Amino acid sequence: MIRDRRIPIPKYLVDLNAIKKELSFVEKKDDGIHIGGGTTLYELSKTFLHKDKRFAGFVDVYKKFGTLALRFEATVAGNLVSATQYNDYITLLLVYDAKLRLVSVNGERIVKLEDFLIDKRKVDLKPNELIYEIIFPEPPINSSSSFIKFDRRELLIAGVVTGATFLALEDNKITDVKISFDMVREKRIPGRARKTEEFLKGKEFSKEILEKAAEEVLPTEMERVTDWWTTAEYRMDMSKVVLKRNLLRAYERIKG
């Protein structure tokens, strides 16, 4: 964007490699899971987040994210701050109710990821702040997640439709569900499908319920756009498909 003169040329660019070790970690603590803002996607893939079914969506994202060379360089926080509808980790971390710990020489503050996202390429980050870590609650045992990015090809894709789901069950009842898409309303950034979540909570898991959620509830809260890529109608149809597939896959992962 700087090269293309789409944003003003900054006076300074700050390289964070000198403090990379301090910003790179994945830990379980009493208040949940902590991911260092400087953790690369490759480093993330070597942790328990890629081994435990409760975090299965992280594996899904990794498989769809760019190339191996990009996974060695890209960081979780770097993906979040660019704030467009094509941000895979935003879409995933929204269903984990993630918060960000922002630090500066003046102190620190905790901001919900949902509140951090203001609009396309606009986030609640002051010029002197950086994302030190991402924090989210440790999920219950009978839970899992799923992430789907749909496009015309498999690699190096932005995604015609991208969605994530977190699901928790007790016996066969849905005790918790969180759903996000690359775009839900007028803002061109990922968001939660809360009406659909509320409809599903407390119900017995069945294909009939998924069908009703996708066909009758999701369209009441989702706005899709037509662009050079495809039509709004096609995006809506594929959003319904992505919702059902994500929920089914998370369910199958919980059941083993």
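Assorted remarks:
- Under a Gaussian network description of the chain, with springs only between Cα atoms under 10 Å, the residue in D88, D52, D182 that fluctuates furthest is D52.
- Note on M236/K20: beta-carbon distance plugged into 1/(1 + (r/R0)^6) with R0 of 30 Å gives a FRET efficiency of 0.10.
- Ordering H50, H34 from the fewest to the most neighbouring beta carbons within 10 Å gives H50, H34.
- The stretch 69-188 shape via C-alpha gyration tensor axes, a/c threshold 1.5: oblate
- Between the residues I179, V76, I135, the greatest Cα displacement towards the positive end of the dipole of the stretch 68-220, with unit charges on the Cβ of Lys, Arg, Asp and Glu, is found for V76.
- Simple point charges give the picture: +1 on the Cβ of Lys and Arg, -1 on the Cβ of Asp and Glu, and for the chain a dipole about the Cα centre of about 560 debye.
- Computed Kirkwood radius, in angstrom, where 1/r is averaged over Cα pairs of the stretch 180-234: 12.3
- Selected from K29, K187, K201 as most flexible by GNM, with the chain as the system and alpha-carbon contacts under 10 Å: K29
- Of interest is the spacing of the C-alpha centroids, which for the stretch 203-228 and the stretch 36-100 amounts to 25 Å.
- Listed residues R192, R121, R245, most fluctuating in the chain (Gaussian network, C-alpha, under 10 Å): R121
- Radius of gyration over Kirkwood radius for the stretch 143-255, both on Cα atoms: the Rg/Rh ratio is 0.97.
- Residue separation of T220 and K203 scaled by 0.36 nm, minus their Cα-Cα distance, works out to 4.2 nm of gained length.
- Cross-link pairs exceeding 26 Å in C-alpha to C-alpha distance, out of K51/K212; K120/K201; K29/K122; K64/K187, comprise K51/K212; K120/K201; K29/K122.
- For G66, the residues whose amide H sits under 5 Å from its own are L156, I157, ignoring neighbours fewer than 5 places away on the same chain, with H placed 1.01 Å from N.
- Packing around the peptides 103-111, 234-242, taken as the average count of other Cβ atoms within 10 Å per residue, puts them in this order, highest first: 234-242, 103-111.
- The stretch 218-229 - phi-based ³J(HN,Hα) in whole Hz, Karplus 6.51/-1.76/1.60, Gly and Pro as x: 3, x, 6, 10, 10, 10, 10, 10, 9, 9, 5, 6
- Cα gyration tensor shape for the stretch 17-136, rounded if a/c is under 1.5, else prolate or oblate: rounded
- The angle between the Cα long axis of helix 232-255 and the main principal axis of the chain comes to about 80°, on a 0 to 90 degree scale.
- Mean projected area in nm² (Cα convex hull; one quarter of hull surface) for the chain: 14.4
- Take the Cβ atoms of I7 and I118, set R0 to 22 Å, and the FRET efficiency comes out at 0.85.
Each reported figure results from applying straightforward, stated rules to the coordinates on display, with no laboratory input. It should be emphasised that the depicted structure is a prediction, and the values quoted were computed from it without experimental measurement. Note that each Cβ is placed from the backbone with ideal geometry, even for glycine, and that neighbours are counted across all protein chains shown.
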